[in-house]
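Undergrad: First the structure, which I've put down as structure tokens, then a few questions once you've had a look.
The values are calculated or read from the model by the stated rules, or taken from the named source; none is laboratory data. Please read these numbers as outputs of a predicted model, since none were measured by experiment. Note that each Cβ is placed from the backbone with ideal geometry, even for glycine, and that neighbours are counted across all protein chains shown.
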């Protein structure tokens, strides 16, 4: 049975325009890009790297925003909070997100940094290496939160990438407090191994005190708990939040709800073209299913199907209506 909230999921995260190009492996070495990671860069570096990119596609992105667009594609009721500038890229971001069916009402930043952009280098093995200029998104703070929207959302889903910024950390805590006081659920994705390494203590504090649902891939979870054993990491997160979703790449995923552990196989895909957005779209299916009251097995299946769709083409958002997967 579906929940009665106005929004199934509210995402809080970076509002970014993705610039995606296919490059040879040598390009990463020449441009000093760490393969498979997300690196924060300044505006000068962003402009220099952009000029060195081969022909690219430009599309609205941001991890949590991709997830929210996916939930809208499933037919869910979605909303997003994130900061753009009052410029062309900001208009593109807002238009694309609203076109996905999501509510987006954050006022753009005037007289500040430009809208954020992420330069994504995709190598022949389908790995994506991201260089991100946060721009206006870095100005996000608690005053950008919409308490009524949070109270009206069944699940508030927060993006770990945004956790790099101290004002955003405070906003995450405030958003969690608002959601929980209203009897709503909170969720966070760890987003990136290097993000975990930078903020391990802060992440653990937030998870233990304010988070109901944790999303991570295997490497991120092992790093969070500084262990080499997945079983040990699961035991620790069971004590901290009780509910965890762990993606395992081609091995599928695990969903843990207390003592219940469900193994989800990866959905088949004819050819992996670009892994950008795989975790984001997996979260779309999983969160849509949870908000709709579906079984853990069905939630995981929807996540796997959505992830398989997005890695079959370039870009971090689906090219079909994900509702067709239902």
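Undergrad: Taking the options 161, 157, name whichever one is crowded, with 20+ Cβ neighbours inside 10 Å, touching a strand residue (DSSP E or B) at 6+ places or on another chain (Cβ under 8 Å), in a helix (DSSP H, G or I) and in contact (Cβ under 8 Å) with a residue 60 or more places away in the chain.
TA: Among 161, 157, only 161 is crowded, with 20+ Cβ neighbours inside 10 Å, touching a strand residue (DSSP E or B) at 6+ places or on another chain (Cβ under 8 Å), in a helix (DSSP H, G or I) and in contact (Cβ under 8 Å) with a residue 60 or more places away in the chain.
Undergrad: Taking region 267-305 on its own, how many of its residues are within 17 Å of residue 69 (Cβ to Cβ), in contact with a strand residue (DSSP E or B) (Cβ under 9 Å, 6 or more places away or on another chain) and part of a helix (DSSP H, G or I)?
TA: 11
Undergrad: Looking at residue 136, is it buried (at least 21 other Cβ atoms within 10 Å of the Cβ), more than 16 Å from the chain's Cα centre (by Cα) and part of a helix (DSSP H, G or I)?
TA: For residue 136, the condition - buried (at least 21 other Cβ atoms within 10 Å of the Cβ), more than 16 Å from the chain's Cα centre (by Cα) and part of a helix (DSSP H, G or I) - is met.
Undergrad: For region 193-212, state whether one or more residues are at pLDDT 95 or above, outside any helix (DSSP H, G or I) and buried (at least 22 other Cβ atoms within 10 Å of the Cβ).
TA: Checked against the condition, which is being at pLDDT 95 or above, outside any helix (DSSP H, G or I) and buried (at least 22 other Cβ atoms within 10 Å of the Cβ), region 193-212 yields at least one hit.
Undergrad: While we're looking at this one, here's another question. When the residues of region 115-127 are narrowed to those that are touching a helix residue (DSSP H, G or I) at 6+ places or on another chain (Cβ under 9 Å) and surrounded by fewer than 22 Cβ atoms within 10 Å (Cβ to Cβ), which ends up nearest to residue 16 (Cα to Cα)?
TA: Ranking the qualifying residues of region 115-127, first place goes to 123.
Undergrad: For the condition out of contact with any helix residue (DSSP H, G or I) (no Cβ under 6 Å at 6 or more places or on another chain), at negative phi and touching a residue at least 12 places away in the same chain (Cβ under 8 Å), what is the one hit in 78, 64?
TA: 64
Undergrad: Further question: All but one of (1) on the phi > 0 side of the Ramachandran plot; (2) in a strand (DSSP E or B) hold for residue 58; which doesn't?
TA: (1)
Undergrad: Are any residues in region 18-50 part of a helix (DSSP H, G or I) and either in contact (Cβ under 8 Å) with a residue 40 or more places away in the chain or farther than 22 Å from residue 138 by Cβ (or both), and if so, which ones? Working first, answer last.
TA: Pass one, region 18-50, residues part of a helix (DSSP H, G or I): 25-30, 43-50.
25, 26, 27, 28, 29, 30, 43, 45, 46, 49, 50, listed by residue number.
Undergrad: Sticking with this one: Just to verify a result, which residue in region 139-154, among those that are touching a helix residue (DSSP H, G or I) at 6+ places or on another chain (Cβ under 6 Å) and not in a loop (DSSP other than H, G, I, E, B), is modelled with the lowest pLDDT?
TA: Ranking the candidates gives 142 first.
Undergrad: Quick one: in region 174-188, which of the residues that are part of a helix (DSSP H, G or I) and under 16 Å from residue 240 (Cβ atoms) is nearest to the chain's Cα centre (by Cα)?
TA: So the first thing to find is which residues in region 174-188 are part of a helix (DSSP H, G or I), and the list is 174-181.
From what is left, the residues that are under 16 Å from residue 240 (Cβ atoms) are 176, 180.
Details: 176: 17, 180: 21 Å.
Per the stated criteria, the residue is 176.
Undergrad: Name the residue, out of 160, 101, that is on the phi > 0 side of the Ramachandran plot and in contact with a helix residue (DSSP H, G or I) (Cβ under 7 Å, 6 or more places away or on another chain).
TA: Unique residue meeting the criteria: 101.
Per-residue answers, yes or no, for (1) free of Cβ contacts under 8 Å to residues at least 60 places away in the same chain; (2) touching a helix residue (DSSP H, G or I) at 6+ places or on another chain (Cβ under 8 Å):
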{"position": "214", "(1), (2)": "yes, yes"}
{"position": "220", "(1), (2)": "yes, yes"}
{"position": "233", "(1), (2)": "yes, yes"}
{"position": "236", "(1), (2)": "yes, no"}
{"position": "240", "(1), (2)": "yes, yes"}
{"position": "261", "(1), (2)": "yes, yes"}
{"position": "265", "(1), (2)": "yes, yes"}
{"position": "275", "(1), (2)": "no, no"}
{"position": "308", "(1), (2)": "yes, no"}
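Undergrad: Hey, any hits in region 223-233 for a residue that's buried (at least 23 other Cβ atoms within 10 Å of the Cβ) and in a helix (DSSP H, G or I)?
TA: Yes, some residue in region 223-233 is buried (at least 23 other Cβ atoms within 10 Å of the Cβ) and in a helix (DSSP H, G or I).
Each row is one residue, and each column tells you yes or no for (1) assigned to a strand (DSSP E or B); (2) surrounded by fewer than 20 Cβ atoms within 10 Å (Cβ to Cβ).
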{"residue": "67", "(1), (2)": "no, no"}
{"residue": "71", "(1), (2)": "no, no"}
{"residue": "76", "(1), (2)": "no, no"}
{"residue": "97", "(1), (2)": "no, no"}
{"residue": "113", "(1), (2)": "no, yes"}
{"residue": "131", "(1), (2)": "yes, no"}
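Undergrad: How many residues does region 244-260 contain that are at positive phi and surrounded by 15 or more Cβ atoms within 10 Å (Cβ to Cβ)?
TA: Selection size over region 244-260: 1.
Undergrad: I'd like to verify a number: residues in region 99-111 that are surrounded by 20 or more Cβ atoms within 10 Å (Cβ to Cβ) and within 16 Å of residue 137 (Cβ to Cβ), how many?
TA: Of the residues in that region, 2 qualify.
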